[in-house]
Amino acid sequence: MKVFINKKIPEAGIKMLEEAGLEIIFPEKDNLSYEEWLDFCKNTDAIVSIGAEFKYDKTFFEACPELKAIALYSVGFDHVDIKEATLRNIPVGNTPDVLSRATSDVAFLLMQSVARRASYNFRKVKEGSWGAFDPLQALGQELYGKTLGIFGLGRIGYEMAEKSKKAFGMNIIYHNRHHNEDAEQELGATYVSFEELVRNSDVLSVHANFTPEHQELFNASLFEQMKPEAIFINTARGGFHNQKDLYQALVDKKIWGAGLDVTNPEPMDADDPILGLSSVCVLPHIGSATVEARNGMARLAAENIIAFSKNEKMPNCVNPEVYSNHLS
């Protein structure tokens, strides 16, 4: 079985695929054009997909009728038309759990960095503008006893809530499609409506799975409803927020600060004015960028492909309904 991997992944995953006797195809360069990427996909049985530059949509599936399986090197799958994949009995696997701690670490880091204006103050040191002590200059805020609002209290959101509860004694409120009983029992988390989440959070951290209806959900109207001292954190997908509205809300002091590991657009422009604000910290989508997390993702992606090659169910499949027909 031919397996196309569009970018190099950690050796742990490659070794597993090789030991399973699969033929691995790598491109000779990293940054493929859409046409180059599509040519590889047309001539393969399965794909290990890294990144979300290109969409797995109806046009793609029609152009690749021989494709039988997709293993994503990510938890998110918003760049894949799952309905179209399912119609063609193509299982789509992802890599949950192994990056939950690493991604929540970044959300926790951003929350603290914004609260204490770390990026701004580091820039002052680099520019040589440290200056004399000023009791009123670039003051941050403390997080002890504040209210953390989680939008999407799944694995990553739970890790973020647990860290914040233990470190700062933060009160946890959340909005989810379903109640998270573990979080309510173990962290004292309180389920609230989305409107209450927006109004009552001192820190609002986004951890939900992105879907089309979430496009720029956090916009001028919602920032207007947040507390003026609130901090907005997004480590999920840049599409959740309208970045121009976020900038304006910060300038107009509708909210206090923002920490982003994902941006809209992504990558963002180096001259985006939001980067000049003192209560903003932006990172280049590094949520899963640890040796441990990336190795784990490689192993899970390989496990999904290997299972498929044996005519077995992928261990982490986002459209398991394909197996009602696929394995029969």
**OP:** Tell me which of these Asp45 doesn't satisfy, since it passes every other one: (1) over 21 Å from the mean Cα position of the chain (by Cα); (2) charged (D, E, K, R); (3) surrounded by fewer than 17 Cβ atoms within 10 Å (Cβ to Cβ).
**Re:** (3)
**OP:** Return yes when Ile173 is in the same structural domain as Ile231 (by TED's automatic domain parsing), of a type in the set (Val, Ile, Thr) and in a strand (DSSP E or B) and no when it is not.
**Re:** yes
Subject >> Residue list for region 197-219, restricted to those being assigned to a loop (DSSP other than H, G, I, E, B), among the acidic types (Asp, Glu) and under 21 Å from the mean Cα position of the chain (by Cα) >> reply: Glu216
Subject >> Criterion violated by Ile9 - all others in (1) part of a loop (DSSP other than H, G, I, E, B); (2) within 13 Å of Ile306 (Cα to Cα); (3) not aromatic (Phe, Trp, Tyr) satisfied >> reply: (2)
Original post:
So, of the residues in region 244-273 that are touching a Pro at 6+ places or on another chain (Cβ under 7 Å) and crowded, with 20+ Cβ neighbours inside 10 Å, which turns out to be nearest to Val198 (Cα to Cα)?
Top reply: Ile255
Original post:
Does Asn295 qualify as being crowded, with 18+ Cβ neighbours inside 10 Å, of a type outside the set (A, V, I, L, M) and in a helix (DSSP H, G or I)?
Top reply: no
Original post:
Of these, Ala298, Ala258, Ala302, Ala289, which one is within 24 Å of Thr147 (Cβ to Cβ) and touching a helix residue (DSSP H, G or I) at 6+ places or on another chain (Cβ under 8 Å)?
Top reply: Ala258
Original post:
Taking region 157-213 on its own, how many of its residues are exposed (fewer than 14 other Cβ atoms within 10 Å of the Cβ), hydrophobic (A, V, I, L, M, F, W, C) and out of contact with any strand residue (DSSP E or B) (no Cβ under 7 Å at 6 or more places or on another chain)?
Top reply: 1
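So which residues in region 96-113 are in a helix (DSSP H, G or I) and under 13 Å from the mean Cα position of the chain (by Cα), if there are any at all?
Ser100, Arg101, Ala102, Thr103, Ser104, Asp105, Val106, Ala107 - these are the residues of region 96-113 that are in a helix (DSSP H, G or I) and under 13 Å from the mean Cα position of the chain (by Cα).
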Original post:
Out of all the residues in region 220-240, is one or more assigned to a loop (DSSP other than H, G, I, E, B), more than 30 Å from Gly169 (Cβ to Cβ), in contact (Cβ under 8 Å) with a residue 12 or more places away in the chain and not charged (D, E, K, R)?
Top reply: no
Original post:
Has region 86-95 got at least one residue that is assigned to a helix (DSSP H, G or I) and surrounded by fewer than 22 Cβ atoms within 10 Å (Cβ to Cβ)?
Top reply: yes
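The values are calculated or read from the model by the stated rules, or taken from the named source; none is laboratory data. All values reported here derive from a predicted model rather than from experimental measurement. Every residue, glycine as well, gets a Cβ built from its backbone with ideal geometry; the counts of neighbours run over all protein chains shown.
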